Amino acid sequence: MHMTISPGRVNLIGEHTDYTYGYVMPMAVNLYTILEGEKNEKIELYSEVFNEKKGFELSELKKENSWIDYVKGIYKVLFDKNLHPKGIKGKIGGNLPIGSGLSSSASFELAIIDFLNEVYDLGLSRKEMALLSQKAENEFVGVPCGIMDQFVIALGKEGRAIFLDTETLEYEYITIPKDAQIFVFYTGVKRELADSAYAERKKIAERVLKRLNKTSSKYVGEKELKGLPRFYKKRFGYIIRENERVLKARDALKNNDLESFGKILTDAHWDLAKNYEVSCGELDFFVTRALKLGAYGARLTGAGFGGAAIAVVEREKAQEIAEKILDEYLKSFHWKARYFLVEASDGVKTL
Ligand code: GLA
């Protein structure tokens, strides 16, 4: 029997930049998808969350719009690469909540590919596993995400965030100051519009890059947007500023300067809200309240349109601030939100 432990992720900063090959700075978090299984001819998996058993023969990779598609997608990209692992019999569980903005789907993909890599000796590097998982998500599941989530789940390190250049895939581990507690808040707002709105943001960003003949948003300055329609300037202007903020936030963390780090995060939130238009009342409420209660900084995390937000707070005050916000949120939105006080974790591993 083997056990694969695959973390979730939060993004500290660098939102909606990865599909323009810009900078991001996420961390893997200590909430996990756990796959326990053994070698088998075909796939036979039980999902604890869905309380459902599903399986397939490896010769039948037809999409069925269920959680098993993530497994099928991984097999598809491996077969396309001429790698031919056999199946798995086992179960999927863990404590990483699904659909709470902590990237449970990327975590699941990496659990499957790491299990296969270890158990069937596929010889894949962590970077390759991240890229293949992204490919499975883009091409098989059909979600046009960037590389951020899969990368940090593959390469995360305890106590560190990853500063990543999503064009070159060069990265650097950045220590998170001991004093800082990352507090994740799940609004309970389902990202219904998310898929189409995300794809639309991505399309515009790609159009701008094409018009300017650039391979990455890193090579674009605000001046170069001059001749473009106002709407394009608004969207891409955000991306340019966000890349700059990631660099500054990285330096602030290196200097143990939580005040500056927090302020950069908050600036990012309001830029996302105003110019990228991916926030909502619930997320804005959280950010405003967290700051009032003394957080260093706060912002939405992930794609936005609902989902989750983070605040960086002093460790000793974290619990108290979290409980207060939950109460206030309940009063304003009549919804019992959830929160997680998370630590930076290692990437996926199979024991
Ligand atoms: C989702 C995608 C990521 C990234 C973020 C926005 O989480 O999966 O690749 O684009 O949105 O920063």
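All of the numbers you see were taken from the coordinates with simple rules; none came from a lab. What you see is a predicted model; the values in this text were computed from it and never measured. FYI the Cβ positions are ideal-geometry reconstructions off the backbone, even for glycines, and counts take in every protein chain you see.
Before moving on, here are some points about what is shown:
- Long-range amide H partners of Asp346 with built H, under 5 Å: Glu158
- Each residue, Thr288 and Lys203, gets one label point 7 Å from its Cα in the Cβ direction; the gap between the two is 3.3 nm.
- Vicinal HN-Hα couplings computed from phi for the range 72-89 (Karplus, 6.51 cos²θ - 1.76 cosθ + 1.60; Hz; Gly/Pro x): 4, x, 5, 4, 4, 5, 5, 4, 4, 8, 6, 10, 10, x, 7, x, 9, 10
- log10 of Debye I(q)/I(0), alpha-carbon scatterers only, for the chain at 0.10, 0.13 Å⁻¹: -0.59, -0.99
- Under 11 Å from the Lys53 label point (7 Å along Cα→beta-carbon), backbone N, the range 76-120: 90
- Relative contact order %, the chain, counting alpha carbon pairs below 8 Å whose residues are six or more apart: 26
- Packing rank of 298-305, 69-76, 337-344, where each peptide gets the mean count of other beta carbons within 10 Å, highest leading: 298-305, 69-76, 337-344
- Inter-centroid distance (Cα atoms) of the range 268-304 relative to the range 49-91, Å: 37
- Ordered by the number of other Cβ atoms lying within 10 Å of each residue's own Cβ, fewest first, Val24, Val77, Val189 fall into the sequence Val189, Val77, Val24.
- The order of His334, His16, going from fewest to most other C-beta atoms within 10 Å of their C-beta, is His334, His16.
- A protection proxy built from the mean count of other Cβ atoms within 10 Å ranks the segments 257-264, 80-87, most packed first, as 257-264, 80-87.
- For Lys233, the lysines whose Cα comes closer than 30 Å to its Cα, not counting residues fewer than 8 places off in the same chain, are Lys135, Lys190, Lys202, Lys203, Lys210, Lys214, Lys218, Lys223, Lys248, Lys263, Lys274.
- Each of Asp114, Asp179 has some number of other Cβ atoms within 10 Å of its Cβ, and from fewest to most they run Asp179, Asp114.
- Considering helices alone, the calculated mean residue ellipticity of the chain at 222 nm is -12500 deg cm²/dmol, with DSSP H runs of length four and up weighted by -39500 (n - 2.57) and normalised per residue.
- In order along the range 119-128, the Karplus-derived 3J(HN,Hα) couplings, from 6.51 cos²θ - 1.76 cosθ + 1.60 at θ = phi - 60°, round to 6, 10, 6, 7, x, 7, 7, 5, 4, 5 Hz, and Gly and Pro are given as x.
- Each principal axis of the Cα cloud of the range 1-150 was taken in turn, and the coordinate range along them, longest first, works out to 42, 32, 28 Å.
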